[in-house]
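Following: one structure in structure tokens, then a few remarks.
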Amino acid sequence: MIARAAILATVGGLCAALPAAAASFTPPPGCELEMTVQLHDCQVANHYRCETDPAGYRNIAFADGSGVFFISKLDNETRWMLSYSPETGEIDRLDQDGSADHASFSALLADGRDDYDFVTRNNFGDVRRNVGYDRLTGESVTIDGVVLERCEFDMTVEDEAGNFLAHRKGLQLISRKLRLFFADTEQFENVFGDKASTSMAPVTFAFPGDEGFGETRPKYDCDMLMTGASPLNDRPTL
């Protein structure tokens with residue numbers, strides 16, 4: 001689910017996971033790093049779990065060449081419980097009671113499709129309704145030894161009054177074993193007419209003991225971004 005709480009103990013705890021110039025990612029106290037994924041479009045994601053979180057929760061810190069720009073907290077159904085942007089100070093939380101149909105990774109695996117209609121609220125007073133679906137295509141691919149399945153998605157974002165804000169569609173990749181979504185290709189359009197196409201599929205996976213585990217600097221497509229040869233960098237809203 002693209003747009004997926006017991007928050008880390010405080011927002012300060014989230015900020016503690018921002019190793020701007022560190023050679024190796026260090027999660028907050030009480031948390032353990034589990035996986036590092038190098039992505040296309042000059043991004044790297046470090047996945048970690050914290051003992052203070054409910055069972056099944058995980059945290060993902062996304063970094064570009066300037067450091068961590070986005071942190072998300074997911075539950076075991078890949079629901080987007082919370083996200084934090086260090087650049088803007090924005091904190092988004094899932095409105096569990098206000099959501100009509102929560103995303104379900106289990107339903108996607110069982111039925112091949114999961115429809116959702118959920119609401120998020122942020123600390124700036126913005127309310128967003130996210131309506132769409134995920135659908136397995138039946139195709140699979142193996143990247144760096146990790147078996148992944150292709151998933152089509154389509155999602156419309158509205159404000160609290162039902163006004164159109166944005167539309168996203170494209171393909172993603174899922175791992176049954178890891179119970180995770182990974183980006184692939186996407187087309188995005190917002191109410192202002194801005195459009196973007198992105199490709200952020202994983203390139204390498206590193207687990208404890210592997211080369212690249214804990215890397216904080218992205219490795220792929222960064223030269224293209226610097227020269228303006230790649231599409232607009234659409235940072236995750238997950």
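Go through segment 81-147 and name the chymotrypsin sites (Phe, Trp or Tyr not before Pro) that are in a DSSP coil and have 15 or fewer other Cβ atoms within 10 Å of their Cβ.
Values: sites: Tyr84, Phe105, Tyr116, Phe118, Phe124, Tyr133; in loops: Phe124.
Here the chymotrypsin sites (Phe, Trp or Tyr not before Pro) that fit, given the DSSP loop and packing criteria, are Phe124.
Contour minus end-to-end for Thr185 and Asn76, with contour as 0.36 nm per residue of separation and end-to-end as the Cα-Cα distance? Before the final figure, lay out each step's value.
Numbers: separation 109, 0.36 × 109 = 39.24 nm, distance 2.37 nm.
This chain segment gains 36.9 nm when fully extended.
With a Förster radius of 45 Å, plug the Cβ-Cβ distance of Val127 and Val147 into 1/(1 + (r/R0)^6) and report the FRET value to the nearest 0.05.
Values: r = 38 Å, r/R0 = 0.84.
Taking R0 as 45 Å, the efficiency between Val127 and Val147 is 0.75.
I'd like the FRET efficiency for Glu34 and Glu90, computed as 1/(1 + (r/R0)^6) with the beta carbon distance as r and R0 of 41 Å, rounded to 0.05.
On the way: r = 26 Å, r/R0 = 0.63.
Taking R0 as 41 Å, the efficiency between Glu34 and Glu90 is 0.95.
Which three numbers, in whole Å and largest first, are the semi-axes of the equivalent ellipsoid of segment 63-116 derived from its Cα gyration tensor as √(5λ)? Before the final figure, lay out the partial values.
Numbers: eigenvalues 143, 43, 11 Å².
Semi-axes, largest first: 27, 15, 7 Å.
Distance in nm between label sites at Ser66 and Lys219, each 7 Å beyond Cα in the beta-carbon direction?
Each label point is offset 7 Å from its Cα along the Cβ direction, giving 2.4 nm.
Given points 7 Å out from each Cα along the Cα-Cβ axis, report the Glu211 to Ala55 separation in nanometres with one decimal.
Taking the simple label geometry, Glu211 and Ala55 are separated by 3.9 nm.
Using the Karplus equation 6.51 cos²θ - 1.76 cosθ + 1.60 (θ = phi - 60°), what ³J(HN,Hα) coupling, rounded to whole Hz, does each residue of segment 53-60 give in order, writing x for Gly and Pro?
Calculated HN-Hα couplings, in order: 7, x, 4, x, 6, 9, 10, 10 Hz.
I want to make sure I understand the PRE zone here: with the label point 7 angstrom from the Cα of Asp159 toward its beta carbon, which residues in segment 185-214 have backbone N atoms less than 15 Å away?
Taking a point 7 Å out along Cα→Cβ of Asp159, the residues of segment 185-214 whose backbone N falls under 15 Å are 190-193.
Starting from the Cα gyration tensor of segment 60-163, take the square roots of the eigenvalues, sort them a ≥ b ≥ c, and report rounded, prolate or oblate (rounded when a/c is under 1.5, otherwise prolate if a/b is larger than b/c, else oblate). Before the final figure, lay out each step's value.
Numbers: a/c = 2.21, a/b = 1.20, b/c = 1.84.
In terms of gyration-tensor shape, oblate.
Taken together, the values in this text are just the output of simple stated rules run on the coordinates, not laboratory data. Keep in mind that this is a model prediction, so the values were computed, not measured. So basically every Cβ, Gly included, is an ideal-geometry build from the backbone, and we count neighbours across all protein chains shown.
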